[in-house]
Every structure is written in structure tokens, then in C-alpha cells.
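> Below you will find the structure I want to go over with you.
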Amino acid sequence: MALRTLASKKALSFALGGAARLLAASARGVTTVTLPDLSYDFGALEPAISGEIMRLHHQKHHATYVANYNKALEQLDAAVAKGDASAVVQLQGAIKFNGGGHVNHSIFWKNLKPISEGGGEPPHGKLGWAIDEDFGSFEALVKKMNAEGAALQGSGWVWLALDKEAKKLSVETTANQDPLVTKGASLVPLLGIDVWEHAYYLQYKNVRPDYLNNIWKVINWKYAGEVYENVLA
């Protein structure tokens, strides 16, 4: 009986693959996540982003990702305990989508800052120099991110990424709630802009380019610069 149990566990571990094994190991402790607080009021980003959008985005959309991710982790824990490989595999989509939604939005809130507190001030220091080197100018970076964000079909994100191995910046897009790491393990998100309709529709309707043009007024470049310097330190 013990040998059959051991063989079953080994078969399950092999079926899960590397990434899923890590998820399963984490889930055994059922370490859940919580909705992070904002460092500013919902209306503090107006007129670039309305207070109503921020409240719904944070309290409803992000909160739902957190709740569904935690639920999926608990289900994964139960499936691993039972040796149910089919259930484990089936849960990967929910974990990726809702876990990605939590990761992406947690970065997004830090990428934003009220104008009165320095939001929208262009990047300085090492990140500012790197942007000039890799894109030609800050204006060229904004133009590229706006173009790729506007052209992204359906829902997703546009990112300013740092390839920590190549030590080079790039603009990337991800679909739905896929986190940036799905595009490459060496990519670090410095700035992510949510281009799901829930991020702008109440204010900008279907004109995504207007949202993209205005969000730069409240971008927290200080945070992006700190992440950049810490990664390369």
C-alpha cells in the first residue's frame, strides 16, 4: 500500500511539471493573498482617472481576482492531497488568470501617483538615461507604449520591461491577465498600463488612445526608477 502511494505521488509530481510543482508546494500551506491598500484616495488621480473608476477597479475587479485566486489555491491544496492530477491541471488556468490579475494590479497601483505628489514627472537618473539610450527619448517611449497599448486586441497590458540579463529596456504586451514573466523569466516589470476596458470605459468610453494619452499625467516614475536601480544593483 505504501509503495503504491509513493508511486502515485511520483506520477503526480511528474505530470504537474516544474511550474505546477512549485504551485502545488506553495498551495500545501495555502498561503493566500490580500487586497493591497492604495497609498492615495480613489479620487486623487483625477482628472486623468476618475475616482469612480479607481474605486470599482480596486474594490471590485482586483478584489475579485484576490478572492478567486485564494479559492483556486485552496482547491489545488485539496487536489494535491488527494492525488487528483486532472483537477490540478484543470486549476492552472484559474491560478494563472486570477494570480496574474493580482500581481499585475498590485504593480499598477504603485505605478500611479497623484500630480500633487509628483505623478507625471518624467524619469530622471539612471532610468531616464536608459530610456534615452534604448528608445532615443522619453517621448519616443511614450509614443511606442501608446501605440502598442492601443493596438492590443481585446484585453491586456502594455509594459515597460527591464531584461535583467541583457540590461536593456523593452516594451512588451501581455494578453488578458498574463503577468510579464510569461514573456520571459528575465523580464522585470517597471511600468504596467492596464488596457482592459474596466480601467477606462466609464470615463473614456471606447476611446482607448485618450486614456493612454492621459494616464502619463499620473505615472509614478520614481517607483519605476527605484525598481530599475534595485534590480541592477
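> Does the stretch 71-86 contain any residue that is at pLDDT 95 or above, under 24 Å from Lys205 (Cβ atoms), under 20 Å from the mean Cα position of the chain (by Cα) and open to solvent by less than 10 Å² (accessible area, probe 1.4 Å)?
no
Let's see how each residue does on (1) open to solvent by 60 Å² or more (accessible area, probe 1.4 Å); (2) at positive phi; (3) at pLDDT 95 or above:
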| site | (1), (2), (3) |
| --- | --- |
| Leu162 | no, no, yes |
| Lys167 | yes, yes, yes |
| Lys183 | yes, no, yes |
| Asp194 | no, no, yes |
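> Against the definition (touching a Leu at 6+ places or on another chain (Cβ under 6 Å) and closer than 17 Å to Phe108 by Cβ), how does Val181 come out, yes or no?
Numbers: touching a Leu at 6+ places or on another chain (Cβ under 6 Å): no; closer than 17 Å to Phe108 by Cβ: yes.
So Val181 does not fit the description; no.
> Next question, about the same structure. Tell me the residue from Leu191, Leu169, Leu187 that is farther than 23 Å from His62 by Cβ and aliphatic (A, V, I, L, M), please.
Leu169
> Here is a further query. Is there any pair with a first residue in the stretch 200-221 that is more than 19 Å from Gly154 (Cα to Cα) and a second that is open to solvent by 60 Å² or more (accessible area, probe 1.4 Å) and among the acidic types (Asp, Glu) whose Cβ atoms are under 8 Å apart and which are 6 or more apart or on different chains, and what are they?
Trp221/Glu121
> So, one more: Just to be sure I understand, how many residues within the stretch 41-53 are surrounded by 14 or more Cβ atoms within 10 Å (Cβ to Cβ) and touching a residue at least 40 places away in the same chain (Cβ under 8 Å)?
Summing the residues that are surrounded by 14 or more Cβ atoms within 10 Å (Cβ to Cβ) and touching a residue at least 40 places away in the same chain (Cβ under 8 Å) in the stretch 41-53 gives 6.
> I would also like to ask the following. List pairs: first residue in the stretch 123-142 and in the same structural domain as Lys217 (by the TED database), second residue small (Gly, Ala, Ser) anywhere in the structure, Cβ distance under 6 angstrom, at least six positions apart or on different chains.
Pro123/Gly225; Gly125/Gly225; Leu127/Gly225
> Just to verify a result, which residue in the stretch 197-221, among those that are touching a Phe, Trp or Tyr at 6+ places or on another chain (Cβ under 8 Å) and among the aromatic types (Phe, Trp, Tyr), is most open to solvent (accessible area, probe 1.4 Å)?
Checking each candidate, the answer is Tyr204.
> If you go through the stretch 182-222, how many residues are closer than 13 Å to Val142 by Cβ and in contact with a Lys or Arg (Cβ under 8 Å, 6 or more places away or on another chain)?
Residues in the stretch 182-222 being closer than 13 Å to Val142 by Cβ and in contact with a Lys or Arg (Cβ under 8 Å, 6 or more places away or on another chain): 1 in total.
> Out of curiosity, is Ala78 farther than 29 Å from Leu232 by Cα, in a helix (DSSP H, G or I) and small (Gly, Ala, Ser)?
So Ala78 fits the description; yes.
> Among the listed residues Leu38, Leu56, Leu112, identify the single one that is of a type outside the set (Ser, Thr, Tyr), within 25 Å of Gln203 (Cβ to Cβ) and open to solvent by 40 Å² or more (accessible area, probe 1.4 Å).
Leu56
> Can you give me the number of residues within the stretch 136-153 that are surrounded by fewer than 17 Cβ atoms within 10 Å (Cβ to Cβ) and polar (S, T, N, Q)?
2
> What number of residues within the stretch 165-210 are in a helix (DSSP H, G or I), in contact with a strand residue (DSSP E or B) (Cβ under 9 Å, 6 or more places away or on another chain) and not hydrophobic (A, V, I, L, M, F, W, C)?
Residues in the stretch 165-210 being in a helix (DSSP H, G or I), in contact with a strand residue (DSSP E or B) (Cβ under 9 Å, 6 or more places away or on another chain) and not hydrophobic (A, V, I, L, M, F, W, C): 2 in total.
The values are calculated or read from the model by the stated rules, or taken from the named source; none is laboratory data. What you see is a predicted model, and the numbers here were worked out from it, not measured in a lab. Cβ sites come from the backbone with ideal geometry, for glycine too, and all protein chains shown count toward neighbours. Just the protein is used for accessible areas: all its heavy atoms, side chains included, with ligands, DNA and RNA removed. Shrake-Rupley method; radii C 1.70, N 1.55, O 1.52, S 1.80 Å.
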